[in-house]
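The values are calculated or read from the model by the stated rules, or taken from the named source; none is laboratory data. Since the model is a prediction, treat every value here as computed from it, not as a measurement. No Cβ is skipped: glycine too gets one built from the backbone with ideal geometry, and neighbour counts run over all protein chains shown.
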Amino acid sequence: MFGSSRLQPIEEHDASGELENVYHDIRQVMRVTGVNLNFRTWAAFERSFPLVWAAVRDNAGTYAFEHAADHLRIAAVQGALALPPLQVLSAVPLGESQTYQIGAALALYHYINPKLLLLTAAIRMVLDNDPINGRLSADVRKLPRGVPARMYPMEMVDESTDDPHLKQTFDDMRQTLGVESIHSDYRTLGLWPYYLASAWQRLKPIAASAEYRGLAESLRVQATDLARILPYRVKLARLDLTSVGEDDDDFIRVTRQLEHLLPGLIVNIALLTLDGTSPDLCMDTPFPVPERDEEPA
Amino acid sequence: MNWREYQTLQKVAEVDERFVSYVDEGEGAPVVLLHGIPTWGYLWHRWLPVLSPTRRVLIPDLLGFGYSDKNDTFDRSIARQAEMIDAWLEQLGIEHASIVGHDIGGGVALRLATIFPDRVSRLCVMNGVCYDSWPVELMLQLGHPEAYRKMSAGAAITMLRPALKMGFASSPADGVLDGLLAPYATEVGKLSLIRNAAALNTNLTTEITPLLSGITAPTLIVWGEDDKFQPVKYAERLATDIPEATLVRVRDARHFVMIDQHDEVARHLTTFV
């Protein structure tokens, strides 16, 4: 559940019918190995979610969208450099393969989270009657669809884990963040429970600082500004949700909460990435998009 | 050693754009231990103290298994696994090694011995797949695209557990079973296991049957006599077809012969490699 007694995120293996098709489309268009908590949460609005995805997918599949997300990632890393370093990797006994896989998992989320924030901001804006009318001067070339070959799978531990160490960390996250569902990022890092526990304990005090909060708020504002200049008009309104019999207020409330949480998540992943990678490499997209020789539509 | 402790021993190599997790312990003549399905390198954890004092023990997780790459974009057949092992050993600067394979790891070992013979100094097959001995019914079901896909990972593990137990003469400790199945207890792990099962293909052993008589590496065939998955008749046939082969039939042992009769198998293996 995500801050609601009614909503239960729909896991990928539980999706069927139209939702299964939408999840597949999301992985292809967003270029990602799995479906993040944002989508799984929205999917609980089973009649409106396909409409919402349809309204944003054209933008999500453009170079303009990719480059806007790259901008957010760079801003997050630049801001994170001013925060205390985490030094988790040196504090936890990890094998060489485990360290490699943690790096690969972080790259996955370092790549996708800025795209999620941009998309979430766009959805929230249009539902708040803040229109995105499209800017055709933007780079509307279509991204190559499909998952980058070397991207780590979005492997996640079960939220209701019986590992006592992990359960303690997840419980603390739920309480601290005020959520019921654990983000995909942390469920993936939960594959290495001691790493996640140490990371979380080091992130908590930093996340309470004014600098951190300022950075998160700055990312949220930047995402809004970048969403405003996306290439295509986002054709979505509250009426679309109510016309299929769903609670538009509930949908917007959930979307606001997701939008509120994502900037912090982006900063956290940037901090964890900086723990094992040089700042220059952190600012590069982990999965550059190959250029295409396609004429603008 | 529990599976999490074993994990911390694993190193990593990138082989043809995929990553392979492996243990590399000890010094001396290299010995490569290959697991089967549905296990991973942890299957061999009790063999580290046996072999590593005098030998370099290398235990890879095959592609798609354990904590090697579990992405959905590559071939997991035993043909590809043999190519991967060949490239991985090349990368480690190991010209040739003793190759020990269990279950489909045995099929990989046989392909190495027939197609990459220079890589194999000695060959040991333990209750390994060969000829048309496989896939067993359980794995055929597991590899069906719809059979397990919609089942939660937890439910799939619950179903696999008793089937895996059937491979043991006496029930192993819960920690061993938990460890063997641990990498497949997530949705990605479960899907990877389904893809691994879907890649099982008898043709990849039948096509090398004519080449078995050309194996020049000294060969030890160790077989749990009571194995229902890979009956001992296949061991007898291998012992006939491979010129330098010795067959050791192990009593009171099933498919997981190296666990069922650890001490006896250890005696044979340490003498052989």
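The residue pairs whose first member lies in segment A:163-180 and is within 15 Å of A:H260 (Cα to Cα), whose second member is hydrophobic (A, V, I, L, M, F, W, C) and part of a helix (DSSP H, G or I), and whose beta carbons are closer than 8 Å, counting only pairs six or more residues apart or on different chains, are A:L177/A:L261; A:V179/A:M173; A:V179/A:L261. Just one of the numbered conditions (1) crowded, with 19+ Cβ neighbours inside 10 Å; (2) within 10 Å of chain A (Cβ to nearest Cβ); (3) of a type in the set (A, V, I, L, M, F, W, C); (4) over 21 Å from A:Q98 (Cα atoms) is not true of B:M151: (1).
One line per residue, one yes/no per condition, for (1) outside any loop (DSSP other than H, G, I, E, B); (2) closer than 27 Å to A:S218 by Cβ; (3) modelled with pLDDT under 95; (4) touching a helix residue (DSSP H, G or I) at 6+ places or on another chain (Cβ under 7 Å):
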site	(1), (2), (3), (4)
A:N38	yes, yes, no, yes
A:T41	yes, yes, no, yes
A:V56	yes, yes, no, yes
A:N59	yes, yes, no, yes
A:A68	yes, yes, no, yes
A:T99	yes, no, no, no
A:A105	yes, yes, no, yes
A:Y111	yes, yes, no, no
A:K115	yes, yes, no, yes
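Taking into account only those residues within segment A:212-254 that are hydrophobic (A, V, I, L, M, F, W, C) and within 16 Å of A:R73 (Cα to Cα), which is surrounded by the most Cβ atoms within 10 Å (Cβ to Cβ)?
Taking segment A:212-254 as the starting set, the residues that turn out to be hydrophobic (A, V, I, L, M, F, W, C) are A:215-216, A:219, A:221, A:223, A:226-227, A:229-230, A:234, A:236-237, A:239, A:241, A:244, A:251-252, A:254.
Pick out the ones that are also within 16 Å of A:R73 (Cα to Cα) and you get A:215-216, A:219, A:221, A:223, A:226-227.
Details: A:L215: 23, A:A216: 22, A:L219: 25, A:V221: 12, A:A223: 29, A:L226: 21, A:A227: 25.
Result: A:A223.
Can you tell me which of B:S192, B:S171 is of a type in the set (S, T, Y) and within 21 Å of B:E225 (Cα to Cα)? Step through it out loud before you land on a result.
Working: B:S192 fails: within 21 Å of B:E225 (Cα to Cα).
Answer to the check: B:S171.
Checking B:A199, B:A163, B:A185 one by one, the residue that is more than 14 Å from chain A (Cβ to nearest Cβ), without any contact (Cβ under 8 Å) to a residue 60 or more places away in the chain and among the small types (G, A, S) is B:A163 and no other. If the condition is being out of contact with any helix residue (DSSP H, G or I) (no Cβ under 9 Å at 6 or more places or on another chain) and in a loop (DSSP other than H, G, I, E, B), then segment A:247-284 contributes only A:S278. Elements of the type helices (runs of 4 or more DSSP H) sitting completely within segment A:157-241 and holding at least 2 residues that are touching a Pro at 6+ places or on another chain (Cβ under 8 Å) and among the small types (G, A, S): these cover A:210-228.
Can you work out which of the residues in segment A:80-103 that are within 19 Å of A:D280 (Cβ to Cβ) and of a type in the set (A, V, I, L, M, F, W, C) is surrounded by the most Cβ atoms within 10 Å (Cβ to Cβ)? The residue in question is A:A80.
Name the residue, out of B:L9, B:L33, B:L62, that is assigned to a loop (DSSP other than H, G, I, E, B), within 17 Å of the chain's Cα centre (by Cα) and either away from every other protein chain (no Cβ under 14 Å) or at negative phi (or both).
Values: B:L9 fails: within 17 Å of the chain's Cα centre (by Cα); B:L33 fails: assigned to a loop (DSSP other than H, G, I, E, B).
On inspection, the qualifying residue turns out to be B:L62.
For first residues located in segment A:218-232 and closer than 12 Å to A:N59 by Cβ, partners that are of a type outside the set (A, V, I, L, M) and lie 6+ apart or on another chain with Cβ distances below 6 Å form the pairs A:I229/A:R135; A:L230/A:N59; A:P231/A:T62; A:P231/A:G134; A:P231/A:R135; A:Y232/A:D58; A:Y232/A:N59; A:Y232/A:G134. Within segment A:152-182, the residues that satisfy the criterion of being within 14 Å of chain B (Cβ to nearest Cβ) and either out of contact with any helix residue (DSSP H, G or I) (no Cβ under 9 Å at 6 or more places or on another chain) or more than 20 Å from A:R40 (Cα to Cα) (or both) are A:D162, A:D163, A:P164, A:H165, A:L166.
Return a yes/no flag: does segment B:76-88 have any residue that is part of a helix (DSSP H, G or I), modelled with pLDDT of 95 or more and within 14 Å of another protein chain (Cβ to nearest Cβ). Let's see the steps before the verdict.
So the first thing to find is which residues in segment B:76-88 are part of a helix (DSSP H, G or I), and the list is B:78-88.
Checking the rest, the ones that are also modelled with pLDDT of 95 or more come to B:78-88.
Imposing the further condition that a residue be within 14 Å of another protein chain (Cβ to nearest Cβ) reduces the set to B:88.
Yes, segment B:76-88 contains a residue that is part of a helix (DSSP H, G or I), modelled with pLDDT of 95 or more and within 14 Å of another protein chain (Cβ to nearest Cβ).
May I ask you to list the residues in segment A:20-43 that are under 25 Å from A:T242 (Cβ atoms) and either touching a strand residue (DSSP E or B) at 6+ places or on another chain (Cβ under 7 Å) or surrounded by 19 or more Cβ atoms within 10 Å (Cβ to Cβ) (or both)? Within segment A:20-43, A:V22, A:Y23, A:I26, A:L37, A:N38, A:F39, A:R40, A:T41, A:W42, A:A43 qualify. Counting residues in segment A:125-136 that are among the basic types (K, R), surrounded by fewer than 20 Cβ atoms within 10 Å (Cβ to Cβ) and at pLDDT below 95 gives one or more. If the condition is being touching a Ser or Thr at 6+ places or on another chain (Cβ under 7 Å) and either under 12 Å from B:V32 (Cα atoms) or modelled with pLDDT under 95 (or both), then segment B:95-118 contributes B:H96, B:A97, B:S98.
Taking the criterion of being more than 18 Å from the chain's Cα centre (by Cα) and outside any loop (DSSP other than H, G, I, E, B), the residues of segment B:222-247 that qualify are B:K233, B:E236, B:R237, B:A239, B:T240, B:D241, B:A245, B:T246, B:L247. When A:V88, A:V147, A:V140 are screened for being within 14 Å of chain B (Cβ to nearest Cβ), of a type in the set (A, V, I, L, M) and part of a loop (DSSP other than H, G, I, E, B), only A:V147 passes.
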